[in-house]
Amino acid sequence: MGQGSILIIDDDPDITEAMSVVLKNRGYDVRSAQDGSEGMTRLKEAKPDLIILDVMMRTSQEGFEFSRELKHNKKFKDIPILMLTGVKQKTGLDFKTSAGDEDWLPVDEFLDKPVKPDVLLAKVEDLLSRQ
Amino acid sequence: MENLLKSPSLIQRAYWLIKLRWVAIATLAIATFVSQRFMGVSLAASALYILSAILVVYNLVLYGLLTYWTQAGTPPAAIRRVEWIVTLQISADLLILATILHFSGGIENPFSFFFVFHMIIASILRPKLQSYLQATLATFLFGGLLILEGGGVIPHHSLIGFAGHELYRNGTFVFGFLFVFVVTLYLVVYMTTTIGEQLRLQQESLERANAQLEEKDQVKNEYVLRVTHDIKGHLAAVQSCLDIVLDETVGPLNEKQKDMVGRAHRRTTKCMEFVTALLRLTRMKLTGQLEMERFSLRKTLLGALALVQNRAANKSIVLRHEIDPTIDMITGEAVLIEETITNVLLNAVKYTPAGGRVNIVAKQDDSFVQVRITDTGIGIPPADLTRIFEEFYRADNARATERDGTGLGLAFARQVVQRHGGRIWAENNPTGGSTFTLTLPVDPAATGAS
(Lines give C-alpha, C1' and ligand atoms only; values in the text may rest on other atoms or scores of the structure.)
Protein backbone atom coordinates (compact mmCIF):
# COMPACT_ATOMS: atom_id res chain seq x y z
CA MET A 1 0.00 0.00 0.00
CA GLY A 2 1.18 3.49 -0.82
CA GLN A 3 1.68 6.19 1.69
CA GLY A 4 1.55 9.88 1.17
CA SER A 5 -0.73 12.71 0.16
CA ILE A 6 -1.34 13.69 -3.41
CA LEU A 7 -2.95 16.79 -4.86
CA ILE A 8 -4.44 16.46 -8.36
CA ILE A 9 -4.94 19.74 -10.24
CA ASP A 10 -6.90 19.13 -13.42
CA ASP A 11 -9.94 20.81 -14.93
CA ASP A 12 -11.36 17.51 -16.22
CA PRO A 13 -13.49 16.18 -13.32
CA ASP A 14 -13.84 12.71 -14.85
CA ILE A 15 -10.12 12.13 -15.30
CA THR A 16 -9.55 13.54 -11.81
CA GLU A 17 -12.12 11.14 -10.38
CA ALA A 18 -10.68 8.13 -12.21
CA MET A 19 -7.15 8.93 -11.01
CA SER A 20 -8.41 9.57 -7.46
CA VAL A 21 -10.06 6.16 -7.39
CA VAL A 22 -6.87 4.45 -8.57
CA LEU A 23 -4.67 6.31 -6.10
CA LYS A 24 -7.06 6.06 -3.14
CA ASN A 25 -7.43 2.37 -3.83
CA ARG A 26 -3.67 2.06 -3.40
CA GLY A 27 -3.93 3.84 -0.07
CA TYR A 28 -2.86 7.36 -0.92
CA ASP A 29 -4.51 10.40 0.55
CA VAL A 30 -5.90 12.21 -2.49
CA ARG A 31 -7.34 15.70 -2.81
CA SER A 32 -8.18 17.55 -5.98
CA ALA A 33 -8.55 21.04 -7.42
CA GLN A 34 -10.02 22.23 -10.72
CA ASP A 35 -7.67 25.09 -11.48
CA GLY A 36 -4.53 26.87 -10.36
CA SER A 37 -6.12 29.16 -7.81
CA GLU A 38 -8.09 26.37 -6.19
CA GLY A 39 -4.88 24.35 -6.27
CA MET A 40 -3.07 27.09 -4.34
CA THR A 41 -5.84 27.12 -1.73
CA ARG A 42 -5.58 23.35 -1.26
CA LEU A 43 -1.80 23.65 -1.04
CA LYS A 44 -2.07 26.19 1.73
CA GLU A 45 -4.54 24.01 3.65
CA ALA A 46 -2.07 21.17 3.76
CA LYS A 47 1.19 20.55 1.96
CA PRO A 48 0.99 17.41 -0.20
CA ASP A 49 3.88 15.03 -0.91
CA LEU A 50 3.22 15.11 -4.66
CA ILE A 51 1.30 17.23 -7.14
CA ILE A 52 -0.25 15.81 -10.30
CA LEU A 53 -0.74 18.74 -12.62
CA ASP A 54 -2.57 19.00 -15.93
CA VAL A 55 -0.71 21.14 -18.41
CA MET A 56 -3.73 22.59 -20.19
CA MET A 57 -6.46 23.95 -18.04
CA ARG A 58 -8.28 27.18 -18.85
CA THR A 59 -5.34 28.27 -20.94
CA SER A 60 -2.79 26.12 -22.67
CA GLN A 61 -0.11 27.48 -20.36
CA GLU A 62 -1.82 27.40 -16.98
CA GLY A 63 -0.07 24.24 -15.86
CA PHE A 64 3.32 25.68 -16.82
CA GLU A 65 2.67 28.93 -15.03
CA PHE A 66 1.46 27.16 -11.94
CA SER A 67 4.52 24.94 -11.75
CA ARG A 68 6.80 27.95 -12.13
CA GLU A 69 4.97 29.79 -9.40
CA LEU A 70 5.42 26.84 -7.08
CA LYS A 71 9.13 26.61 -7.65
CA HIS A 72 9.52 30.26 -6.74
CA ASN A 73 7.68 29.66 -3.50
CA LYS A 74 10.06 28.69 -0.70
CA LYS A 75 7.44 26.65 1.07
CA PHE A 76 6.38 24.56 -1.90
CA LYS A 77 9.39 24.38 -4.17
CA ASP A 78 10.45 20.95 -2.99
CA ILE A 79 7.15 19.22 -3.83
CA PRO A 80 7.66 16.93 -6.83
CA ILE A 81 5.39 17.59 -9.79
CA LEU A 82 4.05 15.00 -12.21
CA MET A 83 2.74 16.78 -15.26
CA LEU A 84 -0.04 15.29 -17.37
CA THR A 85 -0.30 16.27 -20.95
CA GLY A 86 -2.24 15.49 -24.06
CA VAL A 87 0.30 17.29 -26.23
CA LYS A 88 3.67 15.88 -25.39
CA GLN A 89 3.63 14.20 -28.77
CA LYS A 90 6.32 15.08 -31.20
CA THR A 91 5.75 18.12 -33.41
CA GLY A 92 3.66 19.71 -30.68
CA LEU A 93 5.24 21.52 -27.81
CA ASP A 94 8.38 19.79 -26.78
CA PHE A 95 8.59 20.75 -23.17
CA LYS A 96 12.01 19.59 -22.21
CA THR A 97 13.86 21.28 -25.03
CA SER A 98 11.85 24.47 -24.98
CA ALA A 99 12.20 24.52 -21.22
CA GLY A 100 15.97 24.55 -21.38
CA ASP A 101 16.88 25.74 -17.92
CA GLU A 102 15.34 24.12 -14.91
CA ASP A 103 14.02 27.39 -13.67
CA TRP A 104 11.73 27.69 -16.62
CA LEU A 105 9.85 24.46 -16.16
CA PRO A 106 10.78 22.65 -13.03
CA VAL A 107 8.62 19.61 -13.60
CA ASP A 108 9.89 16.23 -12.47
CA GLU A 109 8.03 13.90 -14.80
CA PHE A 110 5.65 13.93 -17.72
CA LEU A 111 2.89 11.46 -18.59
CA ASP A 112 0.66 11.42 -21.62
CA LYS A 113 -3.08 11.31 -21.19
CA PRO A 114 -4.81 8.93 -20.87
CA VAL A 115 -2.60 7.39 -18.22
CA LYS A 116 -2.95 3.68 -17.60
CA PRO A 117 -3.60 2.92 -13.90
CA ASP A 118 -0.47 0.78 -13.52
CA VAL A 119 1.70 3.41 -15.22
CA LEU A 120 0.29 6.11 -12.99
CA LEU A 121 0.88 4.07 -9.84
CA ALA A 122 4.43 3.17 -10.83
CA LYS A 123 5.31 6.79 -11.60
CA VAL A 124 3.77 8.09 -8.37
CA GLU A 125 5.58 5.49 -6.32
CA ASP A 126 8.83 6.34 -8.05
CA LEU A 127 8.47 10.08 -7.44
CA LEU A 128 7.53 9.63 -3.81
CA SER A 129 10.44 7.27 -3.18
CA ARG A 130 12.91 9.87 -4.49
CA GLN A 131 12.14 12.05 -1.49
CA MET B 1 4.00 40.65 -68.42
CA GLU B 2 5.67 42.28 -65.47
CA ASN B 3 4.72 39.47 -63.21
CA LEU B 4 6.61 36.89 -65.14
CA LEU B 5 9.59 39.13 -64.85
CA LYS B 6 9.64 39.69 -61.16
CA SER B 7 10.69 36.13 -60.73
CA PRO B 8 13.91 34.29 -61.49
CA SER B 9 12.42 33.67 -64.94
CA LEU B 10 13.42 37.23 -65.92
CA ILE B 11 17.01 36.32 -65.26
CA GLN B 12 16.62 33.12 -67.23
CA ARG B 13 15.21 35.16 -70.10
CA ALA B 14 18.04 37.65 -69.88
CA TYR B 15 20.44 34.73 -70.33
CA TRP B 16 18.26 33.43 -73.12
CA LEU B 17 18.64 36.80 -74.92
CA ILE B 18 22.40 36.52 -74.62
CA LYS B 19 22.26 33.04 -76.11
CA LEU B 20 20.11 34.27 -78.98
CA ARG B 21 22.64 37.00 -79.60
CA TRP B 22 25.44 34.44 -80.00
CA VAL B 23 23.34 32.83 -82.72
CA ALA B 24 22.73 36.23 -84.32
CA ILE B 25 26.45 37.06 -84.30
CA ALA B 26 27.28 33.74 -85.90
CA THR B 27 24.55 34.28 -88.50
CA LEU B 28 25.88 37.75 -89.30
CA ALA B 29 29.44 36.53 -89.78
CA ILE B 30 28.43 33.48 -91.83
CA ALA B 31 25.89 35.42 -93.94
CA THR B 32 28.53 38.06 -94.70
CA PHE B 33 31.06 35.41 -95.63
CA VAL B 34 28.68 33.37 -97.77
CA SER B 35 27.14 36.35 -99.59
CA GLN B 36 30.50 37.78 -100.42
CA ARG B 37 32.41 34.60 -101.20
CA PHE B 38 29.83 32.35 -102.84
CA MET B 39 27.07 34.64 -104.04
CA GLY B 40 29.29 37.38 -105.29
CA VAL B 41 27.34 40.05 -103.49
CA SER B 42 29.27 43.24 -102.96
CA LEU B 43 29.05 44.53 -99.40
CA ALA B 44 31.10 46.34 -96.80
CA ALA B 45 32.43 43.06 -95.45
CA SER B 46 35.17 44.49 -93.27
CA ALA B 47 32.70 46.82 -91.52
CA LEU B 48 30.40 43.85 -90.91
CA TYR B 49 33.22 41.70 -89.50
CA ILE B 50 34.23 44.56 -87.20
CA LEU B 51 30.59 44.83 -86.10
CA SER B 52 30.56 41.08 -85.36
CA ALA B 53 33.65 41.49 -83.22
CA ILE B 54 32.09 44.44 -81.36
CA LEU B 55 28.99 42.31 -80.78
CA VAL B 56 31.09 39.52 -79.31
CA VAL B 57 32.65 41.92 -76.80
CA TYR B 58 29.25 43.48 -76.04
CA ASN B 59 27.67 40.09 -75.41
CA LEU B 60 30.52 38.99 -73.16
CA VAL B 61 30.21 42.18 -71.12
CA LEU B 62 26.46 41.64 -70.74
CA TYR B 63 27.01 38.06 -69.67
CA GLY B 64 29.56 39.18 -67.08
CA LEU B 65 27.32 41.92 -65.71
CA LEU B 66 24.34 39.63 -65.49
CA THR B 67 26.28 36.92 -63.71
CA TYR B 68 27.84 39.44 -61.33
CA TRP B 69 24.51 41.00 -60.40
CA THR B 70 22.54 37.83 -59.98
CA GLN B 71 25.09 35.78 -58.10
CA ALA B 72 23.75 36.71 -54.66
CA GLY B 73 20.21 35.44 -55.22
CA THR B 74 17.52 37.72 -56.61
CA PRO B 75 16.96 40.63 -54.27
CA PRO B 76 14.65 43.38 -55.62
CA ALA B 77 17.62 45.60 -56.46
CA ALA B 78 19.18 42.87 -58.60
CA ILE B 79 15.85 42.28 -60.35
CA ARG B 80 15.59 45.99 -61.14
CA ARG B 81 19.12 45.96 -62.58
CA VAL B 82 18.27 42.96 -64.73
CA GLU B 83 15.15 44.76 -65.96
CA TRP B 84 17.37 47.65 -66.99
CA ILE B 85 19.84 45.36 -68.70
CA VAL B 86 17.03 43.80 -70.70
CA THR B 87 15.64 47.20 -71.74
CA LEU B 88 19.04 48.55 -72.73
CA GLN B 89 19.89 45.34 -74.55
CA ILE B 90 16.80 45.61 -76.72
CA SER B 91 17.51 49.28 -77.57
CA ALA B 92 21.17 48.55 -78.23
CA ASP B 93 20.23 45.60 -80.43
CA LEU B 94 17.97 47.84 -82.51
CA LEU B 95 20.82 50.29 -82.99
CA ILE B 96 23.21 47.50 -83.94
CA LEU B 97 20.73 45.97 -86.38
CA ALA B 98 20.25 49.39 -88.03
CA THR B 99 24.05 49.78 -88.26
CA ILE B 100 24.44 46.32 -89.80
CA LEU B 101 21.72 47.12 -92.32
CA HIS B 102 23.47 50.39 -93.18
CA PHE B 103 26.63 48.50 -94.09
CA SER B 104 24.77 45.79 -95.97
CA GLY B 105 22.42 47.44 -98.39
CA GLY B 106 19.89 49.28 -96.23
CA ILE B 107 16.50 48.89 -97.86
CA GLU B 108 17.85 46.19 -100.16
CA ASN B 109 18.63 43.86 -97.29
CA PRO B 110 15.73 41.56 -96.28
CA PHE B 111 17.30 41.10 -92.83
CA SER B 112 15.33 44.25 -91.93
CA PHE B 113 12.55 41.76 -91.08
CA PHE B 114 14.56 40.96 -87.97
CA PHE B 115 13.25 44.11 -86.30
CA VAL B 116 10.09 42.08 -85.77
CA PHE B 117 11.96 39.67 -83.47
CA HIS B 118 13.07 42.52 -81.25
CA MET B 119 9.50 43.76 -81.00
CA ILE B 120 8.34 40.30 -79.90
CA ILE B 121 11.11 40.03 -77.33
CA ALA B 122 10.33 43.50 -75.95
CA SER B 123 6.63 42.70 -75.73
CA ILE B 124 7.27 39.47 -73.86
CA LEU B 125 9.85 40.82 -71.47
CA ARG B 126 8.94 44.44 -70.83
CA PRO B 127 5.77 46.39 -70.02
CA LYS B 128 3.45 47.53 -72.81
CA LEU B 129 4.53 51.19 -72.90
CA GLN B 130 8.20 50.26 -73.16
CA SER B 131 7.44 47.92 -76.05
CA TYR B 132 5.73 50.73 -77.96
CA LEU B 133 8.69 53.00 -77.22
CA GLN B 134 11.03 50.35 -78.62
CA ALA B 135 8.84 50.15 -81.76
CA THR B 136 9.11 53.92 -82.05
CA LEU B 137 12.90 53.76 -81.66
CA ALA B 138 13.07 51.10 -84.39
CA THR B 139 10.94 53.31 -86.64
CA PHE B 140 13.26 56.27 -86.12
CA LEU B 141 16.42 54.23 -86.60
CA PHE B 142 15.34 52.36 -89.72
CA GLY B 143 13.27 55.23 -91.15
CA GLY B 144 16.13 57.64 -90.50
CA LEU B 145 18.57 55.26 -92.14
CA LEU B 146 16.45 54.89 -95.30
CA ILE B 147 15.70 58.62 -95.56
CA LEU B 148 19.30 59.70 -94.92
CA GLU B 149 20.63 57.15 -97.42
CA GLY B 150 17.95 58.09 -99.97
CA GLY B 151 18.66 61.78 -99.56
CA GLY B 152 22.38 61.16 -99.94
CA VAL B 153 23.18 62.52 -96.49
CA ILE B 154 25.03 59.32 -95.59
CA PRO B 155 26.60 56.87 -98.02
CA HIS B 156 24.64 53.89 -99.28
CA HIS B 157 26.37 50.48 -99.48
CA SER B 158 24.53 48.70 -102.27
CA LEU B 159 24.08 44.94 -102.31
CA ILE B 160 25.17 44.68 -105.90
CA GLY B 161 24.44 41.22 -107.20
CA PHE B 162 21.47 40.75 -104.88
CA ALA B 163 18.91 43.55 -105.38
CA GLY B 164 18.26 46.50 -107.65
CA HIS B 165 20.72 49.07 -106.39
CA GLU B 166 18.63 52.07 -107.35
CA LEU B 167 15.79 51.20 -104.96
CA TYR B 168 17.11 53.32 -102.12
CA ARG B 169 16.69 56.49 -104.18
CA ASN B 170 13.12 55.68 -105.21
CA GLY B 171 11.07 57.85 -102.81
CA THR B 172 7.75 56.13 -103.44
CA PHE B 173 9.27 52.72 -102.78
CA VAL B 174 11.11 53.92 -99.66
CA PHE B 175 8.00 55.48 -98.13
CA GLY B 176 5.78 52.55 -99.13
CA PHE B 177 8.28 50.14 -97.59
CA LEU B 178 8.58 52.23 -94.44
CA PHE B 179 4.81 52.49 -94.09
CA VAL B 180 4.36 48.70 -94.12
CA PHE B 181 7.42 48.31 -91.88
CA VAL B 182 6.05 50.67 -89.22
CA VAL B 183 2.54 49.19 -89.33
CA THR B 184 4.04 45.71 -88.94
CA LEU B 185 6.13 46.69 -85.91
CA TYR B 186 3.27 48.35 -84.06
CA LEU B 187 0.85 45.52 -84.89
CA VAL B 188 3.33 42.95 -83.62
CA VAL B 189 3.72 44.86 -80.37
CA TYR B 190 -0.05 45.25 -80.09
CA MET B 191 -0.75 41.54 -80.68
CA THR B 192 2.03 40.23 -78.49
CA THR B 193 1.32 42.51 -75.55
CA THR B 194 -2.41 41.74 -75.78
CA ILE B 195 -1.80 38.01 -75.66
CA GLY B 196 0.80 38.57 -72.96
CA GLU B 197 -1.68 40.60 -70.93
CA GLN B 198 -4.23 37.80 -71.11
CA LEU B 199 -1.64 35.26 -70.03
CA ARG B 200 -0.57 37.50 -67.17
CA LEU B 201 -4.17 37.90 -65.98
CA GLN B 202 -4.66 34.15 -66.18
CA GLN B 203 -1.50 33.55 -64.24
CA GLU B 204 -2.55 36.05 -61.60
CA SER B 205 -5.93 34.45 -61.17
CA LEU B 206 -4.29 31.03 -60.89
CA GLU B 207 -1.92 32.37 -58.27
CA ARG B 208 -4.83 33.87 -56.36
CA ALA B 209 -6.78 30.62 -56.53
CA ASN B 210 -3.74 28.74 -55.32
CA ALA B 211 -3.23 31.12 -52.40
CA GLN B 212 -6.89 30.73 -51.48
CA LEU B 213 -6.58 26.96 -51.56
CA GLU B 214 -3.55 27.08 -49.31
CA GLU B 215 -5.38 29.37 -46.94
CA LYS B 216 -8.40 27.06 -46.89
CA ASP B 217 -6.15 24.09 -46.25
CA GLN B 218 -4.63 25.94 -43.33
CA VAL B 219 -8.06 26.76 -41.92
CA LYS B 220 -9.10 23.13 -42.40
CA ASN B 221 -6.03 21.88 -40.58
CA GLU B 222 -6.60 24.25 -37.68
CA TYR B 223 -10.20 23.12 -37.50
CA VAL B 224 -9.22 19.45 -37.53
CA LEU B 225 -6.62 20.14 -34.86
CA ARG B 226 -9.16 21.80 -32.56
CA VAL B 227 -11.84 19.16 -33.08
CA THR B 228 -9.52 16.19 -32.64
CA HIS B 229 -7.98 17.79 -29.59
CA ASP B 230 -11.38 18.14 -27.96
CA ILE B 231 -12.39 14.61 -28.91
CA LYS B 232 -9.14 13.32 -27.50
CA GLY B 233 -9.82 15.00 -24.17
CA HIS B 234 -13.20 13.30 -23.87
CA LEU B 235 -11.82 9.98 -25.02
CA ALA B 236 -9.03 10.15 -22.47
CA ALA B 237 -11.63 10.62 -19.72
CA VAL B 238 -13.75 7.73 -21.05
CA GLN B 239 -10.71 5.48 -21.15
CA SER B 240 -9.56 6.44 -17.69
CA CYS B 241 -12.99 5.60 -16.29
CA LEU B 242 -13.28 2.32 -18.22
CA ASP B 243 -9.76 1.31 -17.16
CA ILE B 244 -10.66 1.19 -13.50
CA VAL B 245 -13.95 -0.56 -14.13
CA LEU B 246 -12.26 -3.19 -16.27
CA ASP B 247 -9.43 -3.90 -13.86
CA GLU B 248 -12.08 -4.14 -11.11
CA THR B 249 -10.56 -1.40 -9.00
CA VAL B 250 -14.09 -0.19 -8.28
CA GLY B 251 -15.57 -3.62 -7.64
CA PRO B 252 -15.88 -7.06 -9.21
CA LEU B 253 -17.60 -7.61 -12.58
CA ASN B 254 -19.44 -10.69 -13.77
CA GLU B 255 -18.31 -12.32 -17.02
CA LYS B 256 -20.86 -10.59 -19.23
CA GLN B 257 -20.16 -7.17 -17.70
CA LYS B 258 -16.47 -7.74 -18.19
CA ASP B 259 -17.01 -8.72 -21.81
CA MET B 260 -19.14 -5.68 -22.61
CA VAL B 261 -16.91 -3.18 -20.83
CA GLY B 262 -13.95 -4.84 -22.53
CA ARG B 263 -15.55 -4.27 -25.93
CA ALA B 264 -16.24 -0.62 -25.09
CA HIS B 265 -12.64 -0.25 -23.94
CA ARG B 266 -11.21 -1.76 -27.11
CA ARG B 267 -13.29 0.55 -29.26
CA THR B 268 -12.22 3.64 -27.36
CA THR B 269 -8.62 2.48 -27.69
CA LYS B 270 -9.03 2.20 -31.48
CA CYS B 271 -10.69 5.58 -31.55
CA MET B 272 -7.90 7.03 -29.48
CA GLU B 273 -5.28 5.62 -31.87
CA PHE B 274 -7.08 7.22 -34.76
CA VAL B 275 -7.48 10.58 -33.08
CA THR B 276 -3.87 10.59 -31.93
CA ALA B 277 -2.63 9.77 -35.42
CA LEU B 278 -4.79 12.49 -36.94
CA LEU B 279 -3.63 14.98 -34.34
CA ARG B 280 0.01 14.25 -34.99
CA LEU B 281 -0.36 14.40 -38.75
CA THR B 282 -2.27 17.68 -38.59
CA ARG B 283 0.20 19.20 -36.16
CA MET B 284 3.05 18.19 -38.38
CA LYS B 285 1.35 19.82 -41.36
CA LEU B 286 0.65 23.02 -39.46
CA THR B 287 3.93 23.55 -37.68
CA GLY B 288 6.17 20.69 -38.60
CA GLN B 289 9.57 21.87 -37.55
CA LEU B 290 11.88 18.91 -37.36
CA GLU B 291 14.32 18.53 -34.54
CA MET B 292 17.35 17.58 -36.49
CA GLU B 293 20.05 15.52 -34.86
CA ARG B 294 22.79 13.19 -35.98
CA PHE B 295 21.78 9.61 -35.32
CA SER B 296 22.68 6.11 -36.42
CA LEU B 297 20.27 4.94 -39.11
CA ARG B 298 21.77 1.47 -38.74
CA LYS B 299 20.64 1.33 -35.11
CA THR B 300 17.26 2.76 -36.04
CA LEU B 301 16.74 0.08 -38.70
CA LEU B 302 17.78 -2.70 -36.33
CA GLY B 303 15.54 -1.21 -33.65
CA ALA B 304 12.55 -1.17 -36.00
CA LEU B 305 13.26 -4.78 -36.97
CA ALA B 306 13.40 -5.82 -33.32
CA LEU B 307 10.03 -4.16 -32.74
CA VAL B 308 8.26 -6.15 -35.45
CA GLN B 309 10.21 -9.38 -34.91
CA ASN B 310 7.60 -10.86 -32.55
CA ARG B 311 4.67 -10.14 -34.76
CA ALA B 312 6.48 -11.63 -37.75
CA ALA B 313 7.41 -14.74 -35.76
CA ASN B 314 3.77 -15.20 -34.69
CA LYS B 315 2.79 -15.43 -38.35
CA SER B 316 5.84 -17.53 -39.26
CA ILE B 317 7.00 -14.71 -41.51
CA VAL B 318 10.71 -14.70 -42.27
CA LEU B 319 12.17 -11.26 -41.58
CA ARG B 320 15.49 -10.58 -43.29
CA HIS B 321 17.68 -7.54 -43.51
CA GLU B 322 20.58 -6.46 -45.63
CA ILE B 323 22.08 -3.17 -44.50
CA ASP B 324 24.96 -1.72 -46.48
CA PRO B 325 28.05 -1.58 -44.25
CA THR B 326 28.55 2.10 -45.14
CA ILE B 327 25.21 3.11 -43.65
CA ASP B 328 25.43 4.74 -40.29
CA MET B 329 25.04 8.33 -39.15
CA ILE B 330 22.48 10.54 -40.87
CA THR B 331 20.79 13.80 -39.90
CA GLY B 332 17.07 13.93 -39.19
CA GLU B 333 14.51 13.51 -36.45
CA ALA B 334 15.36 10.02 -35.19
CA VAL B 335 12.05 9.31 -33.43
CA LEU B 336 9.99 10.14 -36.52
CA ILE B 337 12.18 8.15 -38.87
CA GLU B 338 12.17 5.12 -36.60
CA GLU B 339 8.40 5.32 -36.35
CA THR B 340 8.04 5.65 -40.11
CA ILE B 341 10.22 2.65 -40.85
CA THR B 342 8.52 0.62 -38.12
CA ASN B 343 5.11 1.52 -39.57
CA VAL B 344 6.03 0.42 -43.07
CA LEU B 345 7.52 -2.80 -41.69
CA LEU B 346 4.42 -3.45 -39.58
CA ASN B 347 2.25 -2.93 -42.67
CA ALA B 348 4.38 -5.43 -44.57
CA VAL B 349 3.92 -8.01 -41.81
CA LYS B 350 0.23 -7.18 -41.44
CA TYR B 351 -0.58 -7.67 -45.12
CA THR B 352 1.61 -10.71 -45.71
CA PRO B 353 -0.02 -14.11 -45.22
CA ALA B 354 1.49 -16.54 -42.73
CA GLY B 355 4.67 -18.22 -43.95
CA GLY B 356 5.62 -15.30 -46.18
CA ARG B 357 8.77 -13.19 -46.30
CA VAL B 358 9.57 -9.57 -45.49
CA ASN B 359 12.95 -8.13 -46.50
CA ILE B 360 14.48 -4.82 -45.69
CA VAL B 361 17.41 -3.63 -47.79
CA ALA B 362 19.25 -0.39 -47.08
CA LYS B 363 21.77 1.13 -49.45
CA GLN B 364 23.60 4.38 -49.61
CA ASP B 365 24.46 6.23 -52.77
CA ASP B 366 26.01 9.67 -52.68
CA SER B 367 23.99 11.90 -50.47
CA PHE B 368 20.93 9.68 -50.12
CA VAL B 369 20.07 6.53 -48.22
CA GLN B 370 17.54 4.19 -49.79
CA VAL B 371 15.50 1.77 -47.70
CA ARG B 372 13.45 -0.87 -49.54
CA ILE B 373 10.92 -3.00 -47.73
CA THR B 374 9.72 -5.92 -49.82
CA ASP B 375 7.02 -8.42 -48.87
CA THR B 376 5.25 -11.42 -50.36
CA GLY B 377 1.89 -10.02 -49.27
CA ILE B 378 -1.42 -9.17 -50.90
CA GLY B 379 0.02 -6.42 -53.11
CA ILE B 380 -1.62 -3.13 -53.98
CA PRO B 381 -4.23 -2.58 -56.72
CA PRO B 382 -2.32 -0.64 -59.42
CA ALA B 383 -4.79 2.27 -59.28
CA ASP B 384 -4.10 2.67 -55.56
CA LEU B 385 -0.31 2.76 -55.68
CA THR B 386 -0.17 6.49 -55.11
CA ARG B 387 -3.53 6.93 -53.41
CA ILE B 388 -2.56 4.82 -50.39
CA PHE B 389 -0.39 7.74 -49.27
CA GLU B 390 -3.43 10.00 -49.11
CA GLU B 391 -5.08 10.65 -45.77
CA PHE B 392 -7.83 8.19 -44.81
CA TYR B 393 -7.42 6.23 -48.05
CA ARG B 394 -7.21 2.46 -47.71
CA ALA B 395 -7.04 0.06 -50.62
CA ASP B 396 -9.99 -2.36 -50.84
CA ASN B 397 -7.86 -5.48 -50.40
CA ALA B 398 -6.17 -3.92 -47.35
CA ARG B 399 -9.55 -3.14 -45.82
CA ALA B 400 -10.71 -6.68 -46.52
CA THR B 401 -7.61 -8.15 -44.88
CA GLU B 402 -7.56 -5.88 -41.87
CA ARG B 403 -10.77 -4.13 -40.89
CA ASP B 404 -9.21 -1.75 -38.42
CA GLY B 405 -6.74 0.80 -39.58
CA THR B 406 -6.63 4.55 -39.41
CA GLY B 407 -5.74 5.14 -43.04
CA LEU B 408 -3.26 7.67 -41.73
CA GLY B 409 -0.08 5.65 -41.28
CA LEU B 410 1.28 6.08 -44.79
CA ALA B 411 0.12 9.71 -44.96
CA PHE B 412 2.20 10.32 -41.86
CA ALA B 413 5.13 8.39 -43.32
CA ARG B 414 5.01 10.48 -46.48
CA GLN B 415 4.85 13.69 -44.47
CA VAL B 416 7.87 12.67 -42.41
CA VAL B 417 9.93 11.59 -45.41
CA GLN B 418 9.08 14.69 -47.46
CA ARG B 419 9.88 16.96 -44.55
CA HIS B 420 13.33 15.42 -44.53
CA GLY B 421 13.69 16.07 -48.25
CA GLY B 422 13.22 12.42 -49.22
CA ARG B 423 10.64 10.42 -51.18
CA ILE B 424 8.49 7.38 -50.51
CA TRP B 425 6.67 5.27 -53.05
CA ALA B 426 5.13 1.82 -53.51
CA GLU B 427 5.42 -0.74 -56.30
CA ASN B 428 4.10 -4.22 -56.89
CA ASN B 429 6.63 -7.00 -57.31
CA PRO B 430 6.38 -9.07 -60.50
CA THR B 431 6.30 -12.20 -58.36
CA GLY B 432 3.60 -10.88 -56.02
CA GLY B 433 3.62 -8.72 -52.95
CA SER B 434 4.76 -5.13 -52.85
CA THR B 435 7.82 -3.03 -52.24
CA PHE B 436 7.95 0.27 -50.37
CA THR B 437 10.97 2.41 -51.04
CA LEU B 438 11.93 5.44 -49.08
CA THR B 439 14.88 7.71 -49.65
CA LEU B 440 16.36 10.01 -47.05
CA PRO B 441 19.14 12.55 -47.49
CA VAL B 442 22.18 11.86 -45.34
CA ASP B 443 22.22 15.55 -44.52
CA PRO B 444 18.94 17.38 -45.30
CA ALA B 445 20.61 20.79 -44.90
CA ALA B 446 23.04 19.95 -47.69
CA THR B 447 20.27 18.86 -50.07
CA GLY B 448 18.06 21.81 -49.25
CA ALA B 449 15.13 20.19 -47.43
CA SER B 450 12.65 22.33 -45.56
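The values are calculated or read from the model by the stated rules, or taken from the named source; none is laboratory data. Since we're looking at a predicted model, the values are computed, not measured. Neighbour counts run over all protein chains shown; Cβ positions are idealised from the backbone, glycine included. Please note that ligands, DNA and RNA were not included when accessible areas were found on the heavy atoms of the full protein model with its side chains. Shrake-Rupley method; radii C 1.70, N 1.55, O 1.52, S 1.80 Å.
Okay, here's what the table says:
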quantity: With every protein chain in place, chain B: carbon and sulfur % of accessible area (1.4 Å); calculated: 62
quantity: Segment B:315-421: translational diffusion in µm²/s, Stokes-Einstein, Kirkwood Rh over Cα pairs, 10 °C, 1.306 mPa s; calculated: 106
quantity: For segment B:116-186 and segment B:99-113, distance of Cα centres in Å; calculated: 9
quantity: Of the chymotrypsin sites (Phe, Trp or Tyr not before Pro) in segment B:133-234, those whose Cβ has at most 15 other Cβ within 10 Å and which sit in DSSP loop; calculated: none
quantity: Residue-averaged 222 nm ellipticity for the protein assembly as shown, from DSSP H runs of 4+ at -39500 (n - 2.57), nearest 500; calculated: -20000 deg cm²/dmol
quantity: Peptide-level mean, for B:232-238, of C-beta atoms on other protein chains within 10 Å; calculated: 6
quantity: Nitroxide proxy distance, nm - points 7 Å out along Cα→Cβ at residue B:163 and residue B:255; calculated: 10.9
quantity: Inverse of mean 1/r across different Cα pairs in segment B:288-360, Kirkwood, Å; calculated: 13.0
quantity: Inter-centroid distance (Cα atoms) of segment B:188-239 relative to segment B:247-319, Å; calculated: 33
quantity: Cα shape, chain B, gyration tensor, a/c 1.5 rule; calculated: prolate
quantity: Nonlocal amide H pairs with residue A:52, under 5 Å, H built at 1.01 Å; calculated: A:7, A:8, A:9, A:82
quantity: Folded to 0 to 90 degrees: helix B:8-37 orientation relative to chain B principal axis, Cα; calculated: 40
quantity: For segment B:182-198, Karplus couplings with θ = phi - 60° (6.51, -1.76, 1.60), whole Hz, Gly/Pro x; calculated: 5, 4, 4, 4, 5, 5, 4, 4, 4, 5, 5, 5, 5, 4, x, 4, 4
quantity: Neighbour net charge for residue B:411 - beta-carbon separation under 9 angstrom, K R +1, D E -1; calculated: -1
quantity: GluC sites (Glu not before Pro) within segment B:345-450: DSSP coil, no more than 14 neighbouring Cβ in 10 Å; calculated: B:390, B:402
quantity: Segment A:1-62: trypsin sites (Lys or Arg not before Pro) in DSSP loop, at most 11 other beta carbons within 10 Å; calculated: A:58
quantity: Fraction of antiparallel bridges per DSSP, chain B only, in percent to nearest 5; calculated: 80
quantity: Cα gyration tensor shape of segment B:262-311, rounded if a/c is under 1.5, else prolate or oblate by comparing a/b with b/c; calculated: oblate
quantity: Gain in span if fully extended, residue B:368 to residue B:184, counting 0.36 nm per residue against the direct Cα distance; calculated: 60.7 nm
quantity: Rounded if a/c under 1.5, otherwise prolate or oblate - segment B:73-168, Cα gyration tensor axes; calculated: prolate
quantity: Normalised convex hull volume, segment B:22-147, alpha-carbon set, Å³ per residue; calculated: 100
